[in-house]
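To start, the structure itself, in structure tokens.
The values are calculated or read from the model by the stated rules, or taken from the named source; none is laboratory data. All of these numbers come straight from a predicted model, not from anything done at the bench. Cβ placement follows ideal geometry from the backbone for every residue including glycine, while neighbour counts extend to all protein chains displayed.
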Amino acid sequence: MRLISAAIFFLTVWISTTAMAQPTPAEFPQSTAAQQAAYASWRDGFRARAAANGVTSQLFDAAFRGTSYNTEVTYRDGHQAEFTRTIWDYLDVAVSDARVSNGRRLARQNARTLRAIENQYAVEAQVVMSIWGMESNYGAMRGDIPVVEALGTLATNGRRRAWAERELLNVFRILANGDIAPAKLTGSWAGAMGHTQFMPSSYLAYARDIRGDGRRDIWGDNPEDALASTAHYLAAHGWRHGAPVAHEVTLPRGFDYALIDGETRRNADFWAGRGVARVNGALYTGAPFSLWAPAGARGPVFAVYPNFQVIRRYNNAASYALAVGLLADQINGAGPLRASWPRDERALTQAEITEMQRVLEALGYATGGADGRMGPNTRRAIRAFQRAKGLLNDGEPSVALLSALRQEAG
């Protein structure tokens with residue numbers, strides 16, 4: 001079971017839309033009569049499916065009381081991937097000075113709880129703090145949309161009806177357990193809940209009551225249960241205490257960028273033998289690791305360790321995992337990155353990536369299809385083109401690369 005079923009949706013919207021002028025909740029259009037009728041029709045049909053899964057009519061009515069079709073949910077669900085941002089724009093927000101300083105302050109305030117969590121689950125305090133900061137800005141943005149209404153709206157649209165209905169059945173289990181009253185069950189537009197944005201299914205599997213009051217409260221102002229639940233989630237997915245998430249590294253002149261794919265793990269001796277060195281310390285020798293250059297040859301390069309992949313179980317975006325690792329390190333006292341980002345570059349749009357894939361395919365470099373998404377097949381195709389043209393083969397899409405491809409295609 002993975003938390004990312006909605007965490008990815010929530011993060012993608014947050015990454016993509018914060019750079020653009022977006023409607024405020026008050027500015028979303030009023031729902032239409034047809035939308036409300038569709039919601040009511042779906043809800044009435046779902047009542048029977050819920051009853052077949054043991055949901056009483058009293059609980060069903062209590063959960064849906066006061067809910068309606070939510071146009072904010074519809075809007076955010078439909079605007080997840082329209083816009084692109086560079087990773088440095090994302091990290092500027094995710095690992096801002098304010099977020100670092102607030103994380104350090106709150107870590108001191110919650111030191112006793114964090115020690116208890118680390119002792120019980122063997123997950124470092126700064127990592128738990130980092131995810132708290134990433135997911136809700138330390139509890140300041142927990143979401144105020146009724147979870148039943150959000151999931152009901154998504155189910156009404158039909159695109160993810162089966163998933164949304166499964167999560168709603170899990171909501172009924174949470175309510176039946178008495179962990180929270182229906183009227184207080186709020187979260188993000190995608191149904192993610194609480195300080196660290198658990199989906200209902202992940203809540204049932206991993207939420208913990210570290211306060212000992214008989215309730216696993218991830219929603220209230222006290223974050224202790226949410227922080228413990230996050231640590232339990234990471235521990236259950238293989239977290240290695242004492243091991244890093246990611247380290248910035250330096251490369252020697254002439255390094256073969258074909259070795260940097262963010263996936264192939266090799267031991268520290270292999271990398272050290274090729275001149276790879278960690279910035280501010282020694283390479284970690286406790287596990288094989290891969291190298292990742294999220295901005296290509298012009299930006300920082302990172303050693304990414306098994307804990308990086310554990311964070312991707314929480315949210316599968318590599319940029320998210322990197323942000324968690326960097327924020328955790330800086331909460332723990334580390335300084336900023338040494339290398340600079342290529343801030344004169346811009347991210348390619350989805351349409352431009354699609355065009356790039358089509359041109360690569362036409363030139364004989366297989367991308368696996370033109371879908372506008374950067375995956376390993378597209379990066380391999382880019383590397384092959386770069387090698388053939390005597391370019392630095394970092395596999396990174398760019399405006400300059402797209403221009404070269406257009407010129408090659410004539």
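Data table
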item	result
Residues (among the hydrophobic types (A, V, I, L, M, F, W, C) and under 17 Å from Ala295 (Cβ atoms)) located in region 371-410	Met374, Ile382, Leu391, Leu392, Val399, Ala400, Leu401, Leu402
Every pair of residues 6+ apart whose Cβ atoms lie under 7 Å, when the first sits in region 154-183 and is in the same structural domain as Leu59 (by TED's automatic domain parsing) while the second is in a loop (DSSP other than H, G, I, E, B) and hydroxyl-bearing (Ser, Thr, Tyr)	Thr156/Tyr69
Qualifying position, being outside the structural domain of Ala318 (by TED's automatic domain parsing) and of a type outside the set (Phe, Trp, Tyr), among Leu227, Leu259	Leu227
Meets criteria (within 30 Å of Ser340 (Cβ to Cβ), among the polar types (S, T, N, Q) and in contact with a Lys or Arg (Cβ under 9 Å, 6 or more places away or on another chain)) for Asn102	no
Single unsatisfied condition, Gly220 versus (1) crowded, with 16+ Cβ neighbours inside 10 Å; (2) closer than 27 Å to Glu149 by Cα; (3) touching a residue at least 60 places away in the same chain (Cβ under 8 Å)	(3)
Selected residue (criterion: surrounded by the most Cβ atoms within 10 Å (Cβ to Cβ)) from residues of region 258-297 that are modelled with pLDDT under 95 and among the charged types (D, E, K, R)	Asp261
Residue tally, condition among the hydroxyl-bearing types (Ser, Thr, Tyr), under 26 Å from the mean Cα position of the chain (by Cα) and closer than 22 Å to Gln386 by Cα, over region 226-278	1
Of residues in region 272-303 being in a strand (DSSP E or B) and either touching a helix residue (DSSP H, G or I) at 6+ places or on another chain (Cβ under 8 Å) or assigned by TED's automatic domain parsing to the domain that holds Ser136 (or both), the one farthest from Trp88 (Cα to Cα)	Phe289
Test: residue in region 356-363 that is closer than 19 Å to Ile87 by Cα and more than 25 Å from the chain's Cα centre (by Cα)	no
Those residues of region 234-256 which are assigned to a loop (DSSP other than H, G, I, E, B), surrounded by 12 or more Cβ atoms within 10 Å (Cβ to Cβ) and in contact (Cβ under 8 Å) with a residue 40 or more places away in the chain, in sequence order	His237, Trp239, Arg240, His241, Ala243, Pro244, Val245, Leu251
The listed residue being under 30 Å from Phe198 (Cβ atoms) and among the small types (Gly, Ala, Ser), out of Ala384, Ala334	Ala334
Residue in region 308-328 that is in a loop (DSSP other than H, G, I, E, B), surrounded by fewer than 18 Cβ atoms within 10 Å (Cβ to Cβ) and in contact with a Gly (Cβ under 7 Å, 6 or more places away or on another chain) present	no
Filter result for the condition that a residue is at pLDDT 95 or above and not in a helix (DSSP H, G or I), over Gly152, Gly133, Gly139	Gly139
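Residue-by-condition table, conditions (1) of a type outside the set (D, E, K, R); (2) in a helix (DSSP H, G or I); (3) at pLDDT below 60:
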{"site": "Ala6", "(1), (2), (3)": "yes, yes, yes"}
{"site": "Leu11", "(1), (2), (3)": "yes, yes, yes"}
{"site": "Ala34", "(1), (2), (3)": "yes, yes, no"}
{"site": "Ala40", "(1), (2), (3)": "yes, yes, no"}
{"site": "Gly45", "(1), (2), (3)": "yes, yes, no"}
{"site": "Gly54", "(1), (2), (3)": "yes, no, no"}
{"site": "Ala62", "(1), (2), (3)": "yes, yes, no"}
